[in-house]
Amino acid sequence: VLLVLIVLACSLYCFRENKTLSGRFKLISIVAIVLISLNYIYVFNVFGIRDYLESTNIFIRFLNKSREEIFSSGRIRVKFEHLKRFKLALLGGSKIKNSGVGYAHDLLLDTYDEAGVFAFLALICFMISSVRTLLKCLKDMQMQLSYRTAVLSLYVAFFVEFFVEPIIQGLPWLFMLFCCVCGIVTQVTFNNEKYLTLQMLKGEKTISNS
């Protein structure tokens, strides 16, 4: 997911940076050629690429199912089961998981089942705070477009992963990495705002002195 988002981000950045019509036409042509080539390689199983992709976990778990199968079983069904038994784990203790449902494959629901309502509410507050930081970063036009695009790609990749895997129980390092990224983005945004404020104050001082 992260790799796909980074490729899309780079394409959007290049499209934005190419101001001329000919430059944008070249970029679209290159992307089209790459996509057609990839489709050819997959359809005709060049170098056994299709066999390899169809044997990967992500293909077996998501792409090798019909729409009806995806919505009638698997992660979505388990999420609904967790919501139905929400009252069982007000104080945590993995009571929903141990009732035969298993993991919800959802950061919020698994945290609720494991640690209870207080940890659940604290995590929601943190997630809201992280989204606010992201929006503040995206709205800051003084920052490079490439930086803002990369930050958006990272956040989207993290959030997608958070709602398809049991993060706290299985991938705690991913959540720790997300916290580090949030801290870095927050500090960079704060430093940029501080710098702009100082520049404005210096400008006002210069005008008043003159």
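The values are calculated or read from the model by the stated rules, or taken from the named source; none is laboratory data. Computed from a predicted model, the values in this text were never measured in an experiment. Because the Cβ atoms are built from the backbone with ideal geometry, glycine has one as well, and the counts that use them run over all protein chains shown. These accessible areas exclude ligands, DNA and RNA; they are computed on the full protein's heavy atoms, side chains included. Shrake-Rupley method; radii C 1.70, N 1.55, O 1.52, S 1.80 Å.
The single residue among THR20, THR56, THR111 that is among the hydroxyl-bearing types (Ser, Thr, Tyr), at pLDDT 80 or above and out of contact with any His (no Cβ under 7 Å at 6 or more places or on another chain) turns out to be THR111.
Exactly one residue among ALA150, ALA119, ALA157, ALA115 is over 22 Å from PHE190 (Cβ atoms) and within 18 Å of the chain's Cα centre (by Cα), and that residue is ALA157. Reported count of residues in segment 87-110, each being open to solvent by 80 Å² or more (accessible area, probe 1.4 Å) and not in a helix (DSSP H, G or I), is 3.
Can you list the helices (runs of 4 or more DSSP H) lying wholly within segment 111-209 that have 1 or more residues being among the aromatic types (Phe, Trp, Tyr) and open to solvent by less than 90 Å² (accessible area, probe 1.4 Å)? Outline the logic, then answer.
Values: elements: 117-139, 145-162, 167-170, 172-209.
Helices (runs of 4 or more DSSP H) meeting the threshold: 117-139, 145-162, 172-209.
The lone criterion from (1) open to solvent by less than 60 Å² (accessible area, probe 1.4 Å); (2) at pLDDT below 75 left unmet by VAL7 is number (1).
Modelled with pLDDT under 75 and not charged (D, E, K, R), is that true of ILE28? Judged against the criteria, ILE28 is a match. Within segment 36-60, residues that are of a type in the set (Asp, Glu) reach partners that are at pLDDT 80 or above and surrounded by 11 or more Cβ atoms within 10 Å (Cβ to Cβ) with beta carbons closer than 8 Å, at six or more positions or on different chains, in the pairs ASP51/ASN45.
With the requirement that a residue be small (Gly, Ala, Ser) and within 30 Å of ALA157 (Cβ to Cβ), what does segment 181-203 give you? Can you show your working first?
Start the filter on segment 181-203 by keeping residues that are small (Gly, Ala, Ser), which leaves 183, 203.
Across segment 181-203, the qualifying residue is only GLY183.
Taking segment 90-124 only, how many residues are among the small types (Gly, Ala, Ser) and in contact with a Gly (Cβ under 6 Å, 6 or more places away or on another chain)?
Qualifying residue count, segment 90-124: 3.
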